[in-house]
């Protein structure tokens with residue numbers, strides 16, 4: 001299906017999961033896509049699979065220099081960038097006491113500083129061309145304390161605050177800002193959570209496919225809403241629930257018990 005307006009879109013973390021699924025959907029609509037990932041071979045394979053002249057670039061989003069090189073390449077090749085989708089992220093599971101300082105720091109650098117650098121370096125280029133759309137792929141953990149992934153949830157809280165603050169600062173300009181909050185999604189990250197008992201709470205509600213999230217991101221690219229939670233109805237409930245930490249403390253044992261049962265069933269299915 002060809003889109004009426006062919007956009008140039010840069011996606012980080014495009015070597016797998018939500019990023020790769022979004023790239024496929026964008027390419028199928030006829031957009032010019034640039035796939036960026038720290039794993040150069042993996043992102044090249046995705047670009048080859050996607051086709052449609054997709055461009056693959058290696059990018060460590062923690063590096064200002066690599067961001068500048070990537071953006072220079074995009075502008076030299078296409079003359080513009082219409083949409084930046086900040087999707088890349090990592091997780092180190094485990095209770096705070098068991099996760100090393102280096103792992104906490106790496107989570108912060110990738111999940112928060114990486115998107116921050118990307119938006120800051122892209123901002124003057126968007127301003128110079130008089131248009132641009134920032135799409136931040138965040139997480140429902142931006143609203144919810146989540147045992148077993150404290151630094152991950154913390155970076156998502158911070159990323160949401162940064163995104164909305166930048167949007168407010170630039171509110172009188174031509175740029176668009178959208179942020180998307182997927183729930184537990186069936187990616188390699190969820191597989192990591194499945195192997196760790198500390199993340200049981202994450203399994204208390206049903207997960208969704210990467211393609212489901214990609215379909216929502218496509219609507220964001222087209223409609224440019226300010227914020228999207230998933231699933232729409234229950235996501236709004238979780239957003240409010242996360243603000244009532246006292247109630248959460250009363251209910252977390254029950255929710256974790258449910259999550260452990262789901263974890264156990266999923267592990268059993270994985271191992272036959």
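What follows draws every value from the coordinates through simple rules; no lab data is involved. It should be emphasised that the depicted structure is a prediction, and the values quoted were computed from it without experimental measurement. Every residue, glycine as well, gets a Cβ built from its backbone with ideal geometry; the counts of neighbours run over all protein chains shown.
Build a GNM of the chain with springs between Cα atoms under 10 Å apart, and of 34, 228, 252 the one that fluctuates most is 252. Mean residue ellipticity at 222 nm, helices only, the chain: -16500 deg cm²/dmol; runs of at least 4 DSSP H residues each add -39,500 (n - 2.57), and the sum is divided by the number of residues. Spatial offset of the range 18-67 relative to the range 145-199 amounts to 20 Å, using the alpha carbon center of each.
Zone of residue 80 (label point 7 Å along Cα→Cβ, backbone N under 13 Å): which residues in the range 1-40? Answer for this model: 5-9, 32. Can you compute the label reach from residue 120? Point 7 Å from Cα along the Cβ direction, backbone N cut-off under 15 Å, restricted to the range 62-84. Within reach of a label on residue 120: 62-68.
Which angle between 0 and 90 degrees, to the nearest 10, do you get for helix 232-242 versus the longest principal axis of the chain when only C-alpha atoms count? Between helix and principal axis, roughly 60 degrees. Between residue 72 and residue 257, the FRET efficiency estimated from the beta carbon spacing at R0 = 51 angstrom works out to 0.45.
Geometric descriptor of the chain, per residue, is 137 Å³ (volume of the convex hull of the Cα atoms). Using a simple spin-label model with pseudo-atoms 7 Å out from Cα toward Cβ, residue 186 and residue 161 lie 3.5 nm apart.
Springs join every pair of Cα atoms under 10 Å in this Gaussian network model of the chain, and among 184, 198, 100 the largest mean-square fluctuation is at 100.
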